[in-house]
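Worksheet for the structure shown next.
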Amino acid sequence: RAMETGEYDIADQEKSRLENKQRATRRKREQGELATWKPRWFAKAYDEDSGESYWRFSSEYWTDREVAADKVRDSQAATSDGDDAGKAGSGKHTASIDYWSNVEDIF
């Protein structure tokens, strides 16, 4: 987003941060400190005609997305019922990333 708004220094810093985190994670995996990475929403498959491999999309993404959407709706319903959750300064707001808590952090 920083790039879109012309904040090139911030965009460059974020790009470097992400790349460094990815490199560190890769090193940890290579050294056995982390489990081998397995794509969550894709599976390697082979084309019957050509024999070439490709990544087949699974529908698990849509299941995870619906679970996250349900959490958002539940949070919004609690807020509209007079609860302070989600209001600025309440300390009860759940960040949107928390709705995807069952998904490995790749950034």
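Evaluate the distance, in nm, between pseudo-label points positioned 7 Å from the Cα of ASN20 and of VAL72 along their respective Cα→Cβ axes.
In this crude spin-label approximation the distance works out to 3.2 nm.
For PHE42, enumerate residues with amide H under 5 Å from its amide H, sequence gap 5+ or separate chain, H modeled in the peptide plane.
SER58
Rounded to whole Å and sorted largest first, what semi-axes of the equivalent ellipsoid does the C-alpha gyration tensor of region 1-62 yield via the square root of 5 times each eigenvalue?
Details: eigenvalues 200, 80, 26 Å².
Ellipsoid semi-axes (Å, largest first): 32, 20, 11.
Excluding ligands and nucleic acids, what accessible area in Å² is computed for TRP62 using a 1.4 Å probe, to the nearest 10?
140 Å²
Using only protein heavy atoms and a 1.4 Å probe, report how much of ASP12 is accessible, in Å² to the nearest 10.
ASP12 exposes around 90 Å² with every protein chain in place.
Once you put a point 7 Å from the Cα of SER53 and another 7 Å from the Cα of GLN31, both along the Cβ direction, what distance in nm separates them?
2.7 nm
The values are calculated or read from the model by the stated rules, or taken from the named source; none is laboratory data. No experiment lies behind these values; they were computed from the predicted model shown. Positions of Cβ are backbone-derived with ideal geometry, glycine not excepted, and every protein chain shown enters the neighbour counts. Accessible surface is based on the protein model in full, side chains and every heavy atom, while ligands, DNA and RNA are left aside. Shrake-Rupley method; radii C 1.70, N 1.55, O 1.52, S 1.80 Å.
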